[in-house]
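Following: one structure in structure tokens, then a few remarks.
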Amino acid sequence: MDIPYVVEPRQDTGLFNAKVGIWLFLASEVMLFGALFSSYILLRVGAEPGTWPHGLLSVPLGTINTLVLICSSITVVMAWASLKLKDFSSFKKYQAITLLCALTFLVIKSFEYNDKFHHYQIDLNNGQIVDGHLKERNKDFVVVHGHYVQPKAAEGAVTAKAEHEEESEIKVATSDIKYMENYGPWHSTYTAIYFTLTGLHALHVIGGALVIAFIWGPGAGMWKTDPERYTNRIEISGLFWHFVDLVWIFLFPVLYLL
């Protein structure tokens with residue numbers, strides 16, 4: 001049995017089935033991310049003055065990832081336009097660039113995550129706090145490359161070091177450590193929502209890239225048997241990819257710049 005409206009538009013919506021479906025799906029995605037963004041805003045506004053972290057994320061890396069995703073959105077459109085012009089070879093080229101951009105984004109994000117799991121806050125028995133990246137750790141001492149933080153500034157979360165503060169190798173005896181924890185999602189409210197938002201977004205990048213990769217590779221045979229339906233599939237996957245890009249456009253300033 002043939003499925004109706006896979007190419008021709010429906011009379012009631014003026015759209016073919018897949019486009020109706022993707023718009024309904026994206027509407028649910030807006031509600032999902034909207035709830036998370038709203039939670040972040042309420043937590044941010046409700047935080048005590050001076051306790052919300054600043055400067056913990058790399059703005060240059062975030063900027064590069066933003067440019068990478070914008071570039072991928074352009075290549076997705078160019079891939080779809082190439083199929084409209086019956087230029088399959090150009091489509092393959094542009095979609096390959098899209099997949100390369102997706103991989104680049106995920107690699108950069110993995111470096112950011114790795115940095116957080118090696119970034120530690122160490123509370124000492126004398127009330128001092130050391131903040132920095134772990135270099136060495138054994139049963140007798142730990143060595144971090146970082147700086148000392150004022151206890152008041154460390155209540156709730158540690159902010160980035162001031163411009164006049166210089167980072168150096170700090171060796172701390174294990175017996176002097178009261179508490180030690182990295183900047184994983186369990187560290188603070190900020191890191192929890194940072195990992196939640198960016199982790200969920202990364203899963204969407206992976207999912208979108210897998211769909212694009214399948215249509216680009218194993219599913220490309222449909223171009224010979226049903227080119228119009230194949231072009232529609234590219235359009236649908238492109239709409240999802242644009243949504244993924246748009247979410248990051250909001251994530252970048254909210255998490256990295258504010």
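The values are calculated or read from the model by the stated rules, or taken from the named source; none is laboratory data. Small disclaimer: the values here were computed from a predicted structure and weren't measured. For neighbour counting, all protein chains shown are included, and Cβ atoms are generated from backbone atoms with ideal geometry for every residue, glycine included.
Out of the residues in region 87-107 that are β-branched (Val, Ile, Thr) and buried (at least 16 other Cβ atoms within 10 Å of the Cβ), which is nearest to the chain's Cα centre (by Cα)? First the steps, then the outcome.
Initially, region 87-107 is screened for residues β-branched (Val, Ile, Thr), giving 97-98, 104, 107.
Going one step further and asking which of them are buried (at least 16 other Cβ atoms within 10 Å of the Cβ), we end up with 97-98, 104.
Working: 97: 19, 98: 16, 104: 12 Å.
Of everything passing the filter in region 87-107, 104 is nearest to the chain's Cα centre (by Cα).
Of all residues in region 116-169 being in a loop (DSSP other than H, G, I, E, B), polar (S, T, N, Q) and crowded, with 16+ Cβ neighbours inside 10 Å, which is modelled with the highest pLDDT? Write out each step before concluding.
Restricting attention to region 116-169, the residues satisfying the condition of being in a loop (DSSP other than H, G, I, E, B) are 118, 125-128, 138-140, 150-167.
Now restrict to residues that are polar (S, T, N, Q): 125-126, 128, 138, 150, 159.
Restricting the remaining residues to those that are crowded, with 16+ Cβ neighbours inside 10 Å gives 128, 159.
Working: 128: 88, 159: 50.
The qualifying residue modelled with the highest pLDDT is 128.
Within region 47-58, identify whether any single residue is surrounded by 13 or more Cβ atoms within 10 Å (Cβ to Cβ), small (Gly, Ala, Ser) and modelled with pLDDT under 85, and answer yes or no.
yes
Which residue is modelled with the lowest pLDDT, if the candidates are limited to region 170-198 and must be among the small types (Gly, Ala, Ser) and in contact with a Pro (Cβ under 8 Å, 6 or more places away or on another chain)? Give the derivation first.
Of the residues in region 170-198, the ones among the small types (Gly, Ala, Ser) are 173, 175, 184, 188, 192.
Restricting the remaining residues to those that are in contact with a Pro (Cβ under 8 Å, 6 or more places away or on another chain) gives 188, 192.
Details: 188: 89, 192: 93.
The selected residue is 188.
Name the residues in region 76-115 that are more than 21 Å from residue 204 (Cβ to Cβ) and in a helix (DSSP H, G or I), would you? Lay out the reasoning, then the answer.
Going residue by residue through region 76-115, those that are more than 21 Å from residue 204 (Cβ to Cβ) are 78, 81-93, 115.
Answer for region 76-115, where residues must be more than 21 Å from residue 204 (Cβ to Cβ) and in a helix (DSSP H, G or I): 78, 81, 82, 83, 84, 88, 89, 90, 91, 92, 93, 115.
Output the residues belonging to region 196-245 that are among the charged types (D, E, K, R) and closer than 18 Å to residue 100 by Cβ.
245, the sole residue that qualifies.
Among the residues of region 115-139, count how many are under 11 Å from residue 177 (Cβ atoms) and charged (D, E, K, R).
Total satisfying the criteria: 2.
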